1. Would you work out which of G110, I97, A36 lies farthest towards the positive end of the dipole of the chain, given +1 charges on the beta-carbon of Lys and Arg and -1 on that of Asp and Glu, about the Cα centre?
2. Any chance you could list the semi-axes, whole Å, largest first, of the equivalent ellipsoid that the Cα gyration tensor gives for region 42-123, using √(5λ)?
3. Can you tell me the dipole magnitude for region 125-189 around its Cα centre, using point charges on the Cβ only (Lys, Arg +1; Asp, Glu -1), in Debye to the nearest 20?
4. Nothing charged except the Cβ atoms of Lys and Arg (+1) and of Asp and Glu (-1): what's the magnitude of the dipole of the chain about its Cα centre? Round to the nearest 20 debye.
5. When only alpha-carbon atoms are used, what values of Rg and Dmax, in angstrom, describe region 45-185?
6. Counting only heavy atoms of protein chains, what accessible area per residue, in Å², does the chain have with a probe of 1.4 Å?
7. Report the gain in length on full extension from Q161 to L106: 0.36 nm times residue separation, minus Cα-Cα distance, nm rounded to one decimal.
8. Roughly how large, in nm² to one decimal, is the mean projection of the convex hull of the alpha-carbon atoms in region 80-157?
Amino acid sequence: ESKYGLPVLSVQSDGWLEELQQSVAGSGGKLELITAPHGFCGTLRPYQARGVSWLAHLHHFGLGACLADDMGLGKTIELIAFLLKEREGPKVEGSSIGPTLLVCPLSVAGNWQKEFARFAPSLRVMVHHGTERLSGPSFQEAARGQDVVITTYSLAQQDEQSLSSLPWELLVLVEAQNIKNPAAKQTQA
């Protein structure tokens with residue numbers, strides 16, 4: 001029953017939305033609680049484990065997510081644990097998980113690099129920033145060998161051609177308020 005007192009008798013959809021609806025219904029829509037993955041150097045609090053589980057659940061259905069926990073509650077380690085969990089999961093023979101592109105403000109790029117080193121030292125992390133950063137084929141080759149490539153919003157716009165030349169496994173936007181204006185060139189890039 002809806003909040004307006006009208007009963008919902010059925011939901012009909014077609015195309016990709018129908019496939020998604022059937023997948024969610026087939027799984028019972030249940031959230032599988034995930035424990036800290038192998039290689040995670042830390043402890044997930046119960047609410048953080050639920051956050052990692054939520055990310056994995058949505059990712060399983062091909063959906064993106066927004067982590068909007070209060071500041072200081074561990075969104076960073078939730079993402080790091082999720083990335084580790086994705087890499088330890090079952091893989092199709094001959095396939096590999098591509099790199100994740102993490103876009104953040106310059107002020108926190110170094111912190112992200114340190115947090116990956118602290119909580120997931122097994123992940124290969126590359127920072128794409130500075131005047132000595134790679135471009136073209138050398139960037140593509142280096143980025144393909146990484147688990148995570150960290151860059152900034154301003155460089156995502158400036159290096160849009162290089163960044164868009166790779167098939168990223170995931171795109172992570174840190175402090176996504178930086179792209180709230182759809183008309184801004186930074187948002188469009």
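1. So the residue we want is G110.
2. On the way: eigenvalues 86, 55, 35 Å².
One finds semi-axes of 21, 17, 13 Å for region 42-123.
3. On the way: 4 positive and 7 negative charges, 40 e Å.
Dipole about the Cα centre, nearest 20: 200 debye.
4. Values: 15 positive and 19 negative charges, 93 e Å.
Using Cβ point charges on Lys, Arg, Asp and Glu, the chain gives about 440 debye.
5. 15.1, 43
6. Details: 12030 Å² over 189 residues.
For the chain, the solvent-accessible area averages 64 Å² per residue.
7. Working: separation 55, 0.36 × 55 = 19.80 nm, distance 1.96 nm.
Extra length available between Q161 and L106 comes to 17.8 nm.
8. Values: hull surface 23.2 nm².
Projected area, direction-averaged: 5.8 nm².
The values are calculated or read from the model by the stated rules, or taken from the named source; none is laboratory data. Since we're looking at a predicted model, the values are computed, not measured. Heads up, the Cβs are rebuilt from the backbone with ideal geometry, glycines too, and the neighbour counts pull from every protein chain shown. Accessible surface areas use protein heavy atoms only, side chains included; no ligands, DNA or RNA. Shrake-Rupley method; radii C 1.70, N 1.55, O 1.52, S 1.80 Å.
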